[in-house]
Amino acid sequence: MQIEKTALKDCLLIKPTMFEDHRGLFLETYHRRRLAEFSGIDAEFVQDNQSMSHYGVLRGLHYQKGEFAQTKIVRVIHGKVLDVVVDLRPDSPSFKKTFSVILDDENLFQLYVPKGFGHGFVTLSKRSVFAYKCDHYYTPGSEAGIRYNDPDLDIDWNFPEDQMILSDKDKELPFLNDVF
């Protein structure tokens, strides 16, 4: 397992070591001690979530706030997505900066998303199955988000906006400057 820093403070890209032979493939998707040794962060994950999305579905940019903020490790089990995070921690040197990466069922990369980050993705394949490992239980009253097309973030979703499929809730999320 190779762990790399991204341009955003505390956000990590995890590249698995894959063992392939005539039978198929094996990889380790999570190793708490290695992650802690590399990053100094030792999260205790308590909930795993999974979503399925069709081509063009954009989910995000979501986060949980306050005491219910979540650290996540996200990955694609099937398909391909453009995964995007934004640092929403006002005291961070990477505050309001974004990072994006292709996660798919071929590279099997994972993204470590710290508390205080907004997160979203758009499905670039016919269908995607997306997994989230969270260090805090989902709490509906603490959910929040930032609009996916916020002009101050200027995110290139690598997908035509007029073809994106969004929930009504995601279409109405506030802009960054209305929250921070």
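Any read-out appearing in this document is the output of simple, stated calculations on the displayed coordinates, not a laboratory observation. Not measured: the values here are computed from a predicted model. Ideal geometry is used to build each Cβ from the backbone, glycine not excepted, and the neighbour counts take in all protein chains shown.
Residues that are exposed (fewer than 13 other Cβ atoms within 10 Å of the Cβ) and not hydrophobic (A, V, I, L, M, F, W, C) were ranked within the stretch 25-48; the one that is nearest to Asp150 (Cα to Cα) is Asp48. As a summary of the residue check, Lys96 satisfies the conditions (1) over 15 Å from Leu58 (Cα atoms); (2) touching a helix residue (DSSP H, G or I) at 6+ places or on another chain (Cβ under 9 Å); (3) free of Cβ contacts under 8 Å to residues at least 60 places away in the same chain except for the one numbered (3).
Test Ile14 against the stated conditions and say whether it is crowded, with 16+ Cβ neighbours inside 10 Å and either touching a residue at least 12 places away in the same chain (Cβ under 8 Å) or outside any strand (DSSP E or B) (or both).
Numbers: crowded, with 16+ Cβ neighbours inside 10 Å: yes; either touching a residue at least 12 places away in the same chain (Cβ under 8 Å) or outside any strand (DSSP E or B) (or both): yes.
Criteria met by Ile14.
To keep it simple, each residue is scored yes or no on (1) of a type in the set (Asp, Glu); (2) assigned to a strand (DSSP E or B); (3) farther than 26 Å from Asp42 by Cα.
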position	(1), (2), (3)
Lys115	no, no, no
Phe121	no, yes, no
Ser128	no, yes, yes
Lys133	no, yes, no
Asp150	yes, no, yes
Leu153	no, no, yes
Asp162	yes, no, yes
Asp170	yes, no, yes
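All of Arg75, Arg34, Arg59 fail the test of being in a helix (DSSP H, G or I), of a type in the set (Lys, Arg) and touching a residue at least 12 places away in the same chain (Cβ under 8 Å), apart from Arg34. Note on the stretch 102-123: residues that are among the aliphatic types (A, V, I, L, M), under 21 Å from Gln163 (Cα atoms) and buried (at least 19 other Cβ atoms within 10 Å of the Cβ) amount to 2.
Ile165: touching a strand residue (DSSP E or B) at 6+ places or on another chain (Cβ under 7 Å), free of Cβ contacts under 8 Å to residues at least 60 places away in the same chain and surrounded by fewer than 18 Cβ atoms within 10 Å (Cβ to Cβ), yes or no?
Working: touching a strand residue (DSSP E or B) at 6+ places or on another chain (Cβ under 7 Å): yes; free of Cβ contacts under 8 Å to residues at least 60 places away in the same chain: no; surrounded by fewer than 18 Cβ atoms within 10 Å (Cβ to Cβ): yes.
No.
Looking at the stretch 51-71, which of the residues that are small (Gly, Ala, Ser) and over 15 Å from the mean Cα position of the chain (by Cα) is surrounded by the fewest Cβ atoms within 10 Å (Cβ to Cβ)? Lay out the reasoning, then the answer.
So in the stretch 51-71, the residues small (Gly, Ala, Ser) come out as 51, 53, 56, 60, 66, 69.
Those still in the list that are over 15 Å from the mean Cα position of the chain (by Cα) too: 56, 66.
Values: Gly56: 14, Gly66: 9.
Here the residue is Gly66.
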